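Some notes on the structure that comes next.
The values are calculated or read from the model by the stated rules, or taken from the named source; none is laboratory data. In this text the structure is predicted, and so the values were computed from the model without any measurement. Cβ placement follows ideal geometry from the backbone for every residue including glycine, while neighbour counts extend to all protein chains displayed. To get the accessible areas, we keep the full protein, side chains included, count just its heavy atoms, and leave off ligands, DNA and RNA. Shrake-Rupley method; radii C 1.70, N 1.55, O 1.52, S 1.80 Å.
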Amino acid sequence: MNQREVPIKVMVAKIGLDGHDRGVKVVARALRDAGMEVLYLGMRLSSDAIARAALDEDVDVVGISVLSGAHMRLMPKLIDTFKTHGITDDVLLIVGGTIPDQDVEPLQQMGVDGVFPVGTFTDTMVEFIRERARQP
């Protein structure tokens, strides 16, 4: 029997004014097909709305999709909001989208657990989440 009796619970969302949601829907479907419980919050969400939903839903992973190029501005704000709401390291924070290679390390240094630029295979994301999601 799997050491984890309940599926990994992943919440995915679009933050800020980014209006393209095709990619996040593809990722959500891949995670669901991999046996994870997936909640898609939608688009144009604030950091506060994402943090509150993460707490309310008691998720294991928060996945943020950013295609607007504003990741270096939005992710620090989201991390600060998570701290304000008491969301700690037991929630895996990942981000994907149009993220240049030179921004991957700074995002990780600020507290993002996983960074997935455009072109990352969904299998890579699934494997990363399975390996890194906090166990109950």
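Tabulated data
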read-out	value
Qualifying residue in region 27-34 (condition: more than 19 Å from GLY119 (Cα to Cα), open to solvent by less than 70 Å² (accessible area, probe 1.4 Å) and modelled with pLDDT under 95)	no
Residue within region 73-86 that is in a loop (DSSP other than H, G, I, E, B) and at pLDDT 90 or above present	yes
Residue ID - modelled with the lowest pLDDT, chosen from residues in region 4-21 that are open to solvent by 20 Å² or more (accessible area, probe 1.4 Å) and under 20 Å from ILE129 (Cα atoms)	ARG4
Any hit, region 41-51, residues being open to solvent by 50 Å² or more (accessible area, probe 1.4 Å) and over 16 Å from ALA13 (Cα atoms)	no
Residue under evaluation VAL91, criteria (1) closer than 14 Å to GLY16 by Cβ; (2) surrounded by 14 or more Cβ atoms within 10 Å (Cβ to Cβ); (3) out of contact with any His (no Cβ under 7 Å at 6 or more places or on another chain), criterion not met	(1)
Pairs with Cβ under 7 Å, 6+ apart, first in region 60-73 and farther than 13 Å from ILE99 by Cβ and in contact (Cβ under 8 Å) with a residue 12 or more places away in the chain, second open to solvent by 60 Å² or more (accessible area, probe 1.4 Å) and not acidic (Asp, Glu)	ASP60/ARG134
Residue count, region 22-50 (criterion: closer than 20 Å to ARG132 by Cβ and outside any loop (DSSP other than H, G, I, E, B))	11
LEU55 being farther than 22 Å from ASP21 by Cβ, in a helix (DSSP H, G or I) and hydrophobic (A, V, I, L, M, F, W, C)	yes
Residues of region 94-117 that turn out to be open to solvent by 50 Å² or more (accessible area, probe 1.4 Å) and either in contact (Cβ under 8 Å) with a residue 24 or more places away in the chain or touching a Cys at 6+ places or on another chain (Cβ under 6 Å) (or both), as a count	2
